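Peer 1: Quick one: this structure, given as structure tokens, is what I'll be asking you about.
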Amino acid sequence: MYLDRSPEYWAGFALAFYQWYTGKTFQRIYNAVKICDIMKMYPAYHEMDLMQFVDAMDEKLAQFYTETNLKRLRQYAGLSQSDLAGLSKVPVRQIQLFEQRQRDINHTKAVTVLMLARALGCRCEDLLEV
């Protein structure tokens, strides 16, 4: 069976794989990396292991999304780190570590995420880095 191996075909396949592999929404990916930019990756990446494409995309998203979800939501709520600590009963240092990406909020206790989410008036899922 013949398959079109054009840059468009590869970009669609690679993007679909990246979305499936990382669990990121298409909108989150598209905000950081446009389709035309993915197609420009074709000459360098189309014969490489797909995981190298995943690593390159992760790097591009990290450059675009410099703030963590926690920091973005905290600032949107107009709270300082110490204000959030007081409302949520989560230590200021722990909030700092989450916001500096020195501690992964995805791997912390669920009760900690729940307390932060309640204090910020959002869902727990909104705080996770997906």
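Peer 1: Tell me which residues, restricted to the stretch 97-113, are part of a helix (DSSP H, G or I) and in contact with a helix residue (DSSP H, G or I) (Cβ under 6 Å, 6 or more places away or on another chain).
Peer 2: Listed by number, the residues that qualify are 98, 99, 105, 113.
Peer 1: Determine the pairs where a residue that is touching a residue at least 24 places away in the same chain (Cβ under 8 Å) and at positive phi, located within the stretch 74-101, has a partner that is assigned to a helix (DSSP H, G or I) and of a type outside the set (Lys, Arg) with Cβ atoms under 8 Å apart, the partner being 6 or more residues away or on another chain.
Peer 2: Within 8 Å, the pairs are 89/115.
Peer 1: Can you tell me which residue among 67, 129 is touching a residue at least 40 places away in the same chain (Cβ under 8 Å) and either part of a helix (DSSP H, G or I) or out of contact with any strand residue (DSSP E or B) (no Cβ under 8 Å at 6 or more places or on another chain) (or both)?
Peer 2: 129
Peer 1: Now a separate question. Within the stretch 94-107, is even one residue surrounded by fewer than 17 Cβ atoms within 10 Å (Cβ to Cβ) and of a type in the set (Phe, Trp, Tyr)?
Peer 2: no
Peer 1: Another question about this same structure. Could you give me the residue pairs with C-beta distances under 6 Å whose first residue belongs to the stretch 33-53 and is modelled with pLDDT of 95 or more, whose second residue is in a loop (DSSP other than H, G, I, E, B) wherever it lies, and which are 6+ apart or on separate chains?
Peer 2: Sorted first by the residue in the stretch 33-53, then by its partner, the list stays empty.
Peer 1: Also, I was wondering about something else. For the stretch 72-96, which residues satisfy the criterion of being among the hydrophobic types (A, V, I, L, M, F, W, C) and part of a helix (DSSP H, G or I)?
Peer 2: 73, 84, 85, 87, 92, 95
Peer 1: Would you confirm, using the coordinates I've provided, whether residue 47 is outside the structural domain of residue 92 (by TED's automatic domain parsing), out of contact with any helix residue (DSSP H, G or I) (no Cβ under 9 Å at 6 or more places or on another chain) and either of a type in the set (A, V, I, L, M, F, W, C) or under 30 Å from residue 95 (Cβ atoms) (or both)?
Peer 2: The answer is no for residue 47.
For (1) under 16 Å from the mean Cα position of the chain (by Cα); (2) loosely packed, with under 11 Cβ neighbours inside 10 Å; (3) of a type in the set (S, T, N, Q), each residue gets a yes or a no:
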{"residue": "9", "(1), (2), (3)": "no, no, no"}
{"residue": "12", "(1), (2), (3)": "no, no, no"}
{"residue": "19", "(1), (2), (3)": "yes, no, yes"}
{"residue": "22", "(1), (2), (3)": "yes, no, yes"}
{"residue": "31", "(1), (2), (3)": "yes, no, yes"}
{"residue": "43", "(1), (2), (3)": "no, yes, no"}
{"residue": "48", "(1), (2), (3)": "no, no, no"}
{"residue": "56", "(1), (2), (3)": "yes, no, no"}
{"residue": "59", "(1), (2), (3)": "yes, yes, no"}
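The values are calculated or read from the model by the stated rules, or taken from the named source; none is laboratory data. Values in this document were obtained by computation on a predicted structure and should not be read as measured data. Virtual Cβ from ideal backbone geometry, glycine too; neighbours counted across all protein chains shown.
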